[in-house]
Amino acid sequence: MNLKNQLELMIAKKVLLVGNFGVGKTSLIRRFVLNEFSEDYISTIGVRVSKKVVTYKNEAIKLMIWDVAGTNADEKIPKAYFLGASAAMFVFDVSREETYVTLEDNLKMVKELSGLEKITIVGNKKDLLSKEELEVVVDKVSLQIDLLTSAKEDENVEDAFMELTAQTLK
Amino acid sequence: MKKSTTDNKDKRFELLRDLLLTEDREKFDSLRKEFILNEKLQEKVSPFVDEKILDLRENFPKYFGDKVTDAIKIQIRESQDEVVEALYPIMGKMVKKFIVAEITKLSDSINKTIKEKFSVQEILKRFFKGKRNDAGAVLEEVFEFVIEEVFVIEKESGLLSGSYSRGSNVDKDMVSGMLTAIKSFAEDAFSKEGQDLENIKFETFQLSIRNFKTIYIAIATTGVLTQEIKEKLSDDISNLAEIILRDRTYLSEEYRLNEIIIRELIES
């Protein structure tokens, strides 16, 4: 089978990246993805779509990553952005408590809108805190954090998206 | 005695001449020396000057290009009104020339089409086919309707199921995703419950969207979309959707779906 047919037969999955403004969702995507639309879309319509083909367990998967701006209930985001997703990653900033203090409520909202049962939780900007400070944050967050990442230092970024890919196949 | 007097006179004359012309002679000698020096200097310097002039002539843009550009930029910036005033008539003429050329082309095209469409043969053909809208026929011919892109997209996820493109190299997966996002945004912001976005127009392109329960079909077209073409296109889209929705395996087999898109929409 030629490459064109392989690409055409590839599984495609929609995944969501959610979390408050400024937590580093876009930076994580920028680390992981090369081809993307202008960031202006996020401020204009509240979402930007990027694409990345990953190989997971010898299978090529086309990830369509929807970077959704903000997650607060007061923010007006079209509910349709959350529909049809196979997995979602909730990103918070380990250096800003306000981005994880309402984590449970925000996750509940994302689960309700997307219909997903499991959401990957990622604490970004780990490079800004010491090991001890990170432990304090992990203790403070009531839910199990799946990964601590640093888009700036390129730490665990690939792993976070691989975890997300694994979720799409469950 | 007489001779002696004459000698004395000559000597005095010589003496007087010396007294009167010494200064002039000195000046003359000095000028002559200066002139000779200049001539010698010119002989020596001339080749270098010629060479430098040639170099300047050949490399003027390299040596002074930036400076000249900057100077012109500053001059233009500082005297915008004068520049506009100077360019206005020239630009006006250019625009006029362009419009005249384009109208001439359009006129030729219309004339050609009218000539063809109003031949006895064509009139009879249209009469028997029941097509009586002559203006529509001419417009259709001049501004030919072309399907540029077709996207079959899953409604909720925005994932691309199949597509056709006349030549664009854009990433169709990304376009499908963003189109779905824009559609969702527009529907959420402007429409009432259950209403869907159906048309987007931009310059010469128009994007027609047909919504079904689980998929939507977006078609980008150029040219005149007459009522007749619109109806045919609508029928073709319905047929395509019927085929896809009856056999949903098309949605997971992109190459098969692409073939059916070409068969139903492009070749029909």
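Tell me, yes or no, whether region B:80-88 has at least one residue that is among the acidic types (Asp, Glu) and exposed (fewer than 10 other Cβ atoms within 10 Å of the Cβ). Walk me through it before giving the result.
Residues of region B:80-88 that are among the acidic types (Asp, Glu), as a first pass: B:81-82, B:85.
Of the ones still in play, those that are also exposed (fewer than 10 other Cβ atoms within 10 Å of the Cβ) are B:81.
Yes, that holds for at least one residue.
Give me the pairs, please: first residue somewhere in region B:220-232 and over 20 Å from B:VAL170 (Cβ atoms) and at pLDDT below 90, second residue anywhere and of a type in the set (Lys, Arg) and assigned to a loop (DSSP other than H, G, I, E, B), beta-carbon distance under 9 Å, and either six or more positions apart or on two chains.
These pairs meet every condition: B:GLU228/B:LYS131.
Taking the conditions exactly as written (closer than 26 Å to A:VAL15 by Cα, surrounded by fewer than 17 Cβ atoms within 10 Å (Cβ to Cβ), touching a strand residue (DSSP E or B) at 6+ places or on another chain (Cβ under 7 Å) and not small (Gly, Ala, Ser)), does B:ASP171 satisfy them or not? Before the answer, list the steps.
On the way: closer than 26 Å to A:VAL15 by Cα: yes; surrounded by fewer than 17 Cβ atoms within 10 Å (Cβ to Cβ): yes; touching a strand residue (DSSP E or B) at 6+ places or on another chain (Cβ under 7 Å): yes; not small (Gly, Ala, Ser): yes.
In short, yes.
Which one of B:LEU41, B:LEU56, B:LEU19 is under 47 Å from the mean Cα position of the chain (by Cα) and not β-branched (Val, Ile, Thr)? Spell out how you get there, then give the answer.
Values: B:LEU41 fails: under 47 Å from the mean Cα position of the chain (by Cα); B:LEU19 fails: under 47 Å from the mean Cα position of the chain (by Cα).
Checking each option against the conditions leaves just B:LEU56.
Which of the residues that make up region B:81-109 are within 23 Å of the chain's Cα centre (by Cα) and farther than 30 Å from B:PHE143 by Cα?
Just the residues of region B:81-109 that are within 23 Å of the chain's Cα centre (by Cα), to begin with: B:83-84, B:86-106.
Scanning region B:81-109 gives B:VAL83, B:VAL84, B:ALA86, B:LEU87, B:TYR88, B:PRO89, B:ILE90.
For region B:143-162, indicate whether the set of residues that are modelled with pLDDT under 75 and within 30 Å of the chain's Cα centre (by Cα) is non-empty. Let's see the steps before the verdict.
We begin by selecting, within region B:143-162, every residue modelled with pLDDT under 75; these are B:143.
So of that shortlist, the ones also within 30 Å of the chain's Cα centre (by Cα) come out as B:143.
Within region B:143-162, one or more residues are modelled with pLDDT under 75 and within 30 Å of the chain's Cα centre (by Cα).
Among the residues of region A:79-132, write down those that are within 29 Å of B:MET178 (Cβ to Cβ) and of a type in the set (S, T, N, Q).
Within region A:79-132, A:SER86, A:THR99, A:ASN106, A:SER114, A:THR120, A:ASN124 qualify.
Looking at region B:167-263, what helices (runs of 4 or more DSSP H) fall wholly within it and have at least 2 residues that are more than 13 Å from every other protein chain (Cβ to nearest Cβ), of a type in the set (Lys, Arg) and out of contact with any Phe, Trp or Tyr (no Cβ under 9 Å at 6 or more places or on another chain)? Lay out the reasoning, then the answer.
Values: elements: B:172-190, B:227-246, B:254-261.
The helices (runs of 4 or more DSSP H) meeting that bar are B:227-246.
Within region B:225-248, can one find any residue that is under 25 Å from A:LYS52 (Cα atoms) and over 28 Å from the mean Cα position of the chain (by Cα)?
First pass over region B:225-248, keeping only residues under 25 Å from A:LYS52 (Cα atoms): none.
No; the residues of region B:225-248 include none that is under 25 Å from A:LYS52 (Cα atoms) and over 28 Å from the mean Cα position of the chain (by Cα).
Go through (1) facing another protein chain (nearest Cβ under 10 Å); (2) at pLDDT below 90; (3) closer than 10 Å to A:LEU17 by Cα one by one and return the number of the condition A:LYS76 breaks.
Looking at each condition in turn, A:LYS76 falls short on (3).
Just wondering, is there one or more residues in region A:120-131 that are surrounded by fewer than 18 Cβ atoms within 10 Å (Cβ to Cβ) and closer than 18 Å to A:SER86 by Cβ?
no
Look at B:ASP18 and say whether it is surrounded by 10 or more Cβ atoms within 10 Å (Cβ to Cβ) and either closer than 30 Å to B:TYR63 by Cα or without any contact (Cβ under 8 Å) to a residue 12 or more places away in the chain (or both). Lay out the reasoning, then the answer.
On the way: surrounded by 10 or more Cβ atoms within 10 Å (Cβ to Cβ): yes; either closer than 30 Å to B:TYR63 by Cα or without any contact (Cβ under 8 Å) to a residue 12 or more places away in the chain (or both): yes.
It is true that B:ASP18 is surrounded by 10 or more Cβ atoms within 10 Å (Cβ to Cβ) and either closer than 30 Å to B:TYR63 by Cα or without any contact (Cβ under 8 Å) to a residue 12 or more places away in the chain (or both).
Is it the case, given these coordinates, that A:LEU134 is more than 14 Å from every other protein chain (Cβ to nearest Cβ), more than 30 Å from A:ALA60 (Cα to Cα), within 17 Å of the chain's Cα centre (by Cα) and surrounded by fewer than 21 Cβ atoms within 10 Å (Cβ to Cβ)? Working first, answer last.
Values: more than 14 Å from every other protein chain (Cβ to nearest Cβ): yes; more than 30 Å from A:ALA60 (Cα to Cα): yes; within 17 Å of the chain's Cα centre (by Cα): no; surrounded by fewer than 21 Cβ atoms within 10 Å (Cβ to Cβ): yes.
When the stated conditions are applied, A:LEU134 does not pass them.
Residues checked against (1) modelled with pLDDT under 85; (2) surrounded by fewer than 11 Cβ atoms within 10 Å (Cβ to Cβ):
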| site | (1), (2) |
| --- | --- |
| B:LEU31 | no, yes |
| B:PRO47 | no, yes |
| B:ILE53 | no, yes |
| B:GLN75 | yes, no |
| B:GLU78 | yes, yes |
| B:THR104 | yes, yes |
| B:LYS112 | yes, no |
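The values are calculated or read from the model by the stated rules, or taken from the named source; none is laboratory data. Just so it is clear, the model here is predicted, and its values are computed rather than measured. Note: ideal-geometry Cβ built from the backbone for every residue, glycine included; neighbour counts use all protein chains shown.
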